[in-house]
Structure formats: structure tokens, C-alpha cells
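Before any comments, here is the structure.
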Amino acid sequence: MPHPYVLLSAAVSLDGYLDDTGPERLLLSGPADFDRVDEVRASVDAILVGAGTIRADNPRLLVYSPERRAARVEAGQPEYPLKVTVSGSGDLDPSANFWHTGGEKIVYTTEKGAERLRQEPVAADVVALGPELDWRRILEHLHDVRGVRRLMVEGGGRIHTQLLQQGLADELQLVLAPLLVGSPDAPRMFGPGAYQGGRLRLVETRRIEDVVLMRYEPTAPGTADLPSAADRHWLALACELAERCPQSRTAFSVGAVVVAADGMELARGYSREGTDPVVHAEEAALAKIGPADPRLASATVYSSLEPCARRASRPAPCARLILDAGVRRVVTAWREPDTFVAGADGSGLLTAEGADVVVLPEFEERAKAPNRHLIAPQD
């Protein structure tokens, strides 16, 4: 199911701490960066913090600029983003600032936590998810029920850690402050555990007074049939490549990217690339990789359209080329319609031979865009 775009935001010391152990909150950045955070808050649909952050910091999580609030209202949005917290126990202080400032609030909790909140209610909608908290269910509910498309997560460290470890963070905005904390008891940005492999992609650095903002995106694909945030980034690239295809009345415009398990791009291609008028996107991309490359066995192929199962222009369809290359994971946006091949089912061919196929339907319209001249009559 679709998720919101998840943006993790935090400021840390040079040695990776979110705070020190003193009674007052450690201010890691200054006025200019606080204004930047206010701008980011104004751009999102919801802001999330964990229950521990509410207890420790008693935050208001407001958009402070009147001009930014007015711009939200003029755009048809609520004056303030939805405020979200997560608590398995339901142990929340009803007098905290979180509940009494800003706009709407929501708490995700367990059945046990919801029972506690019925006895000690807070000024928020309460959603019980069952015996355990589940981040994917939380994100699906925010997207499908509350209409959240962009979610800003402001802590704490445990929340950031869980979202990164589960491959659910689309972006990390990290501000590095010229301070050292050094206390082993102080809260850290990231905790121990198994993270996705590979390097994050640095997309921006910016000096703001005496701190540095660094923006990163994850690159490592998901595993099996569980999509990751990086899967969305790579599939978006495949859709972008589809827009470069020379237009055809007899074939779809498709883009494809092959990505190793550590997030390294191995190759990309698109329909009718170069001088070959019938080459398919996946075919073009795979042809750029040595057939003995050991990374193919754990790689993911991203294709804006389901790989073909039958074709007239070449002996082997793209689904067969993918399997023969040793790839066993494919992420696509759109199942092939019957425009040229009745009963096309590349996904069926792939799954029948042990490959995982992930469909991200939120990209379907983008994948269809360069093909409207072919499919409009059937829509």
C-alpha cells in the first residue's frame, strides 16, 4: 500500500548525540536553522514524534510563522499540520503542550494502550493497531485515512532508528552542530541494530550559521516483496527514463534501472534507446552489465511497466532475460495492458520461477503518462 513521503529531521552533536543529560534541552542549532525547520514543517501534512519525546521535551510542534500558516490556509490546507505520536503503552500526559497547541492530533497505540487512554484520555484521535505497533500499518493509515502525503518525523532516536532499519525513511535531514557531548547516558540519534546495507546518497549540504545541514536519501532496495523507501526513488527514476523514449505507435515507452543490493546503480535503459528501434528498456539495461557479474543475483530491476512475457521483435521477452541474468526481484509501477499482447503476464512468468515482483501503484499514472496515446481509448 502507498505510504507518505517520510522525512526524518534532527540536529546532533559532532559525536552523534541528540541532547545531553542536563535538566534543560540542549540547543544544538540557532535561529536561522529553527526558521528552516519551521519552513519544512509548513510544507508537510503531518509531524510525528514519539511518546518519549513528548515526555522529555514537552514540544508544541507548531508552525510559528504567521505568513507560512496563512499560505497553508490559502492553499486549502489546515493552518497547522496534523500532529502524530506513537505509544505502545498509552502512557501519555494529558496536560502536555502537544495536545493543547496547533491543530488536529492522532495517537497510534496498541489495544492495551488504547484501554489506558480510555481511562486517562488525551485530546486526540486514538487508533489502536492490535497487540503490537507496526510502522507499515501506521504509514498506510496516515496515507489512506488521514490523507498524509508528506510526513516529517522529529524524533526521538528510537523512532528514527526503527524507520531507517525498516527501510521506510525517504529522506534524512541531519544538522551537525559544533558541540561534543560525550556522555554515554545521553540520547543518541541512532541505536544499535541491523540497518539496510549500502551508502546513503548525499543530495545537499548547506551551511546555516555555525551548523551544517546534510540531506541524504537511502539507496538500498527492499528485500523480497517488502518495498523500501529506496524502491520508490529508483522506480521514480525508471519512470523518468520512460519519458525519454522516442514515441512509438506500436510499442510502449518504458524505463528500467538495475540496482545492486547495496544501492549501487548497475545500469539503466529505456525503450528504443540509441540506434535500436525495437530494444526494450530492461533489455537495454541488462545488456550493459556483464553476464557473470555476481551482483545480479541479489539485484533489483526497476521497470516502469511490467516486464513483457511475450514479444514479436526478439526471441526472448524481458521477463525471461531478467530470469536468465539471475535477478530474482522486480519492482514495477504498472501491469501491462492488452494493447499489443492479450493476456500479458510478465509478473506471472517471473513469480513462477521464484522471483519476487513488487507493484507500487502510486507510480502507475506517471508510468502511463508517456503512453497516453496508446492506452487512452482503453481507459
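The values are calculated or read from the model by the stated rules, or taken from the named source; none is laboratory data. Since we're looking at a predicted model, the values are computed, not measured. Please note: Cβ atoms are built from the backbone with ideal geometry, for glycine as well, and neighbour counts cover all protein chains shown.
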Query raised in the report: Considering only segment 244-283, how many residues are on the phi > 0 side of the Ramachandran plot and among the polar types (S, T, N, Q)?
Result: 0
Query raised in the report: Which of the residues that make up segment 61-78 are over 20 Å from Gly157 (Cβ atoms) and part of a loop (DSSP other than H, G, I, E, B)?
Result: Leu62, Val63, Tyr64, Ser65, Ala75, Gly76, Gln77, Pro78
Query raised in the report: Any idea which of (1) on the phi > 0 side of the Ramachandran plot; (2) touching a helix residue (DSSP H, G or I) at 6+ places or on another chain (Cβ under 7 Å); (3) surrounded by fewer than 20 Cβ atoms within 10 Å (Cβ to Cβ) is the one Gly155 doesn't satisfy?
Result: (3)
Query raised in the report: Among the listed residues Pro294, Pro337, which satisfies the condition of being in the same structural domain as His233 (by TED's automatic domain parsing) and modelled with pLDDT of 95 or more?
Result: Pro294
**Report entry** Neighbours by Cβ (under 9 Å, 6+ apart or cross-chain): first from segment 56-68, assigned by TED's automatic domain parsing to the domain that holds Asp38 and free of Cβ contacts under 8 Å to residues at least 60 places away in the same chain; second of a type in the set (Phe, Trp, Tyr) and buried (at least 18 other Cβ atoms within 10 Å of the Cβ)
**Finding:** Asn58/Phe98; Arg60/Phe98; Leu62/Tyr80; Val63/Tyr80
Query raised in the report: Do the conditions hold for Leu28, that is, is it crowded, with 21+ Cβ neighbours inside 10 Å and within 23 Å of the chain's Cα centre (by Cα)?
Result: no
Query raised in the report: Hey, does segment 172-181 have a residue that's within 14 Å of Val6 (Cβ to Cβ) and either over 16 Å from the mean Cα position of the chain (by Cα) or hydrophobic (A, V, I, L, M, F, W, C) (or both)?
Result: yes
Query raised in the report: Is segment 123-135 home to any residue that is in a helix (DSSP H, G or I) and either within 18 Å of the chain's Cα centre (by Cα) or hydrophobic (A, V, I, L, M, F, W, C) (or both)?
Result: yes
Requested in this report: Please determine, by comparing only the residues of segment 89-130 that are under 30 Å from Ser228 (Cα atoms) and either of a type in the set (Val, Ile, Thr) or modelled with pLDDT under 95 (or both), which one is surrounded by the most Cβ atoms within 10 Å (Cβ to Cβ).
Outcome: Thr109
Query - Unique match (being surrounded by fewer than 22 Cβ atoms within 10 Å (Cβ to Cβ), under 28 Å from Ala261 (Cα atoms) and not assigned by TED's automatic domain parsing to the domain that holds Val359) among Leu168, Leu174 - result: Leu174
Query raised in the report: Among (1) closer than 18 Å to Phe363 by Cβ; (2) modelled with pLDDT of 95 or more, where does Ala319 come up short?
Result: (1)
Query raised in the report: If we only count strands (runs of 3 or more DSSP E) wholly inside segment 148-218, which ones have 3 or more residues that are closer than 28 Å to Pro23 by Cα?
Result: 171-176, 211-217
Query raised in the report: Is it true that Pro81 is assigned by TED's automatic domain parsing to the domain that holds Pro23 and under 21 Å from the mean Cα position of the chain (by Cα)?
Result: yes
